[in-house]
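See structure below.
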Amino acid sequence: MSAFQTVTPVPDHHFDIGDQVTIKRGHPPGHRRTPDYIRGKTGEIERICGVFPNPEELAYGFDGLPGRVLYRVKFKQTHVWPGYTGPDTDIIEMEIFEHWLEPA
Amino acid sequence: MSEPPPVPQPEKGPHDMGGENAGEIDTIDQGMTFWQRQANALRGVAIGNNVIVLDELRRTAEDLGNDYARLAYFEKTTTALRNLLVEKDIIGEDELTAKMDEIRARFDVPDEMESEIKKGPAT
C-alpha cells in the first residue's frame with residue numbers, strides 16, 4: 001500500500017462518488033461551515049475526503065466527536081450563480097460535511 | 001384578528017460574504033507592524049499548545065457582528081483571541097484591564113524625551 005493514499009477509508013458514509021446531493025437550506029444560528037450561497041444548490045459527490053471532528057462543535061470548545069464525514073462536492077457554476085457568463089463546463093468544488101447533504 | 005407578526009428573516013454571518021461585490025481590492029503588501037507580529041505569535045502559541053482551536057477563533061470573530069466589517073484583519077483576529085481567552089476563563093477581564101493600564105503607563109514619556117512625531121510639527 002502506498003504511503004500516500006488519495007482516499008481515506010470511511011466505513012460508514014451515506015453518499016458515494018457520483019451521487020447527486022442538495023445542500024440544506026436555512027440559516028441555523030451558530031458557527032456553520034457551509035456558505036450561504038451554496039445552500040439549496042445541487043451538486044455531485046466528487047470524493048469522500050475522510051472523517052473529521054465536527055468544526056461546528058469545535059467552534060464552541062467541544063471535541064467535535066464522533067467525527068463527521070466530509071465530502072468534496074462539485075457544482076456547475078451556471079447553477080450556483082444566476083447570470084453566470086462563463087463556459088457551461090466551469091465548476092466549483094467545495095468541501096461539505098455530511099450533515100449538510102440531502103439526496104437530490 | 002390582527003396580522004401575525006412577521007417571521008424574522010435570519011441573517012447570514014458577517015463573514016459569509018461569498019458572492020457579494022467586493023469593490024476595489026487593495027493588493028499592496030502592507031507588511032506587518034510589531035504588534036501584529038506579536039499578536040500572530042500569541043495566536044500561534046495558543047493554538048500550538050492546545051489552549052484554543054482555530055474553529056473557536058473563527059467563531060469568536062464571526063461573533064463580532066457589525067465590528068467584523070469595521071475592523072481590520074489583525075484587529076479582528078486579535079479581538080477574537082481576546083474574547084475567546086476571556087470566554088474560556090484563561091484570562092480575566094480584571095487581569096486584562098490591569099495589565100493594559102500597566103503597559104499604557106510605560107508610555108507616559110516625559111515631554112523632553114517625546115518623539116518628534118508625537119510632538120507634532122515644529123512651530
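Here A:GLN77 meets the list (1) farther than 23 Å from B:GLU56 by Cα; (2) more than 13 Å from chain B (Cβ to nearest Cβ) almost entirely, failing just condition (2). Per the listing A:GLY30, A:GLY61, A:GLY18, the residue uniquely at pLDDT below 95 and among the small types (Gly, Ala, Ser) is A:GLY30.
The rows are residues; the columns are (1) over 25 Å from A:GLY61 (Cα atoms); (2) part of a helix (DSSP H, G or I); (3) acidic (Asp, Glu).
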site	(1), (2), (3)
B:GLU3	yes, no, yes
B:HIS15	no, no, no
B:GLU24	yes, no, yes
B:GLY31	yes, no, no
B:ARG37	yes, yes, no
B:VAL51	no, no, no
B:THR77	no, yes, no
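Note on segment A:11-34: residues that are away from every other protein chain (no Cβ under 14 Å), among the aliphatic types (A, V, I, L, M) and either surrounded by 17 or more Cβ atoms within 10 Å (Cβ to Cβ) or more than 15 Å from the chain's Cα centre (by Cα) (or both) amount to 1.
Among the criteria (1) within 14 Å of another protein chain (Cβ to nearest Cβ); (2) in contact with a Phe, Trp or Tyr (Cβ under 9 Å, 6 or more places away or on another chain); (3) within 17 Å of B:GLY18 (Cα to Cα), the one A:PRO82 does not fulfil is (2). Could we say that A:GLU56 is of a type in the set (Asp, Glu), surrounded by 15 or more Cβ atoms within 10 Å (Cβ to Cβ) and within 11 Å of the chain's Cα centre (by Cα) here? So A:GLU56 does not fit the description; no. Those residues that are within 13 Å of another protein chain (Cβ to nearest Cβ), closer than 14 Å to A:PHE97 by Cα and in contact with a strand residue (DSSP E or B) (Cβ under 6 Å, 6 or more places away or on another chain), I need them from segment A:35-51; list them, please. A:ILE38, A:ARG39 - these are the residues of segment A:35-51 that are within 13 Å of another protein chain (Cβ to nearest Cβ), closer than 14 Å to A:PHE97 by Cα and in contact with a strand residue (DSSP E or B) (Cβ under 6 Å, 6 or more places away or on another chain). The listed residues are B:GLU102, B:GLU56, B:GLU75, B:GLU95, and the only one of them that is under 15 Å from the mean Cα position of the chain (by Cα), over 26 Å from B:GLN30 (Cα atoms) and of a type outside the set (Gly, Ala, Ser) turns out to be B:GLU56.
The values are calculated or read from the model by the stated rules, or taken from the named source; none is laboratory data. Model, not experiment: these values are computed from the prediction. Methodologically, a virtual Cβ is constructed for each residue, glycine included, from the backbone with ideal geometry; neighbour enumeration extends over all protein chains shown.
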